[in-house]
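> Sharing a structure, written as structure tokens. Questions coming.
The values are calculated or read from the model by the stated rules, or taken from the named source; none is laboratory data. The structure presented is a predicted model; accordingly, all values stated were derived computationally and were not measured. Because the Cβ atoms are built from the backbone with ideal geometry, glycine has one as well, and the counts that use them run over all protein chains shown.
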């Protein structure tokens, strides 16, 4: 069966079939498995290769359709790619991910995702959310949505503060921090830059003060976060408005 939007009926009074589900994953076997399970529950689900699915999602689907996207959101690039896909499609997106709930989820909501769920969710739970979306409903409670959006906004404020602090570092301090972030030892950095370990330790102390962190490890974590390579809050910077 195909789900319908509320109130849509034919001249004969029968429900007009509208809306399908495109199950999309870079791992096609996974999308085929989920698609088959939804078909078994009466949902008209389609699966196809990643490239074909992206084209279908961005060119063919309408607001009556749902894209069930399975994505690990494992790094900055995958988050940006998912945002772009959501923004280019007219369909409603349900994103299933094993990435921890938090600011990254809020970023996708801002980009237009209708709902996000953990990959630990049961198939019955996924089916219920898909059915709600196909019927034109909003399966994500407003309180939860607001909480995630708030986390995203706080993350951006914190990100701006970190970037401002990073700008306070001298060129030599930035170079030392960059080498530390690559896993170099103080002795190796000294050999690379031609300076003493005492001087390097002085730079580290200064950069910790400027970054407002209490340890060398925390300073390195700032670098990884600003690169968008951590497995923590994976939130890309907002796109600049087009001129």
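> Could you list, in sequence order, all residues of region 175-219 that are assigned to a helix (DSSP H, G or I), touching a residue at least 12 places away in the same chain (Cβ under 8 Å) and within 16 Å of residue 164 (Cα to Cα)?
Restricting attention to region 175-219, the residues satisfying the condition of being assigned to a helix (DSSP H, G or I) are 175-181, 186-193, 197-211, 216-219.
Still in the running and touching a residue at least 12 places away in the same chain (Cβ under 8 Å): 175-181, 186, 189, 192-193, 200-201, 203-204, 206-207, 210-211, 216, 219.
Answer for region 175-219, where residues must be assigned to a helix (DSSP H, G or I), touching a residue at least 12 places away in the same chain (Cβ under 8 Å) and within 16 Å of residue 164 (Cα to Cα): 177, 206, 207, 210, 211, 219.
> Looking at region 156-168, can you tell me whether even one residue there is closer than 30 Å to residue 66 by Cβ and in contact (Cβ under 8 Å) with a residue 40 or more places away in the chain?
Yes, region 156-168 contains at least one residue that is closer than 30 Å to residue 66 by Cβ and in contact (Cβ under 8 Å) with a residue 40 or more places away in the chain.
> Also: Do we find that residue 51 is loosely packed, with under 13 Cβ neighbours inside 10 Å, free of Cβ contacts under 8 Å to residues at least 12 places away in the same chain and either outside the structural domain of residue 136 (by TED's automatic domain parsing) or more than 22 Å from the chain's Cα centre (by Cα) (or both) in this structure? If you could, list the steps in order and put the result at the bottom.
Details: loosely packed, with under 13 Cβ neighbours inside 10 Å: yes; free of Cβ contacts under 8 Å to residues at least 12 places away in the same chain: yes; either outside the structural domain of residue 136 (by TED's automatic domain parsing) or more than 22 Å from the chain's Cα centre (by Cα) (or both): no.
For residue 51, the condition - loosely packed, with under 13 Cβ neighbours inside 10 Å, free of Cβ contacts under 8 Å to residues at least 12 places away in the same chain and either outside the structural domain of residue 136 (by TED's automatic domain parsing) or more than 22 Å from the chain's Cα centre (by Cα) (or both) - is not met.
> Further question: Restricting attention to region 123-174, report how many residues are assigned to a loop (DSSP other than H, G, I, E, B), touching a helix residue (DSSP H, G or I) at 6+ places or on another chain (Cβ under 7 Å) and within 20 Å of residue 113 (Cα to Cα).
The initial filter retains those residues of region 123-174 that are assigned to a loop (DSSP other than H, G, I, E, B), namely 135-141, 167-170.
Next cut, touching a helix residue (DSSP H, G or I) at 6+ places or on another chain (Cβ under 7 Å) only: 139, 168-169.
Keeping just the survivors that are within 20 Å of residue 113 (Cα to Cα) gives 139.
Residues meeting the conditions: 1.
Residues are listed down the side, and each one gets a yes or a no for (1) modelled with pLDDT of 90 or more; (2) surrounded by fewer than 15 Cβ atoms within 10 Å (Cβ to Cβ):
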{"site": "13", "(1), (2)": "no, yes"}
{"site": "40", "(1), (2)": "yes, yes"}
{"site": "61", "(1), (2)": "yes, no"}
{"site": "80", "(1), (2)": "no, no"}
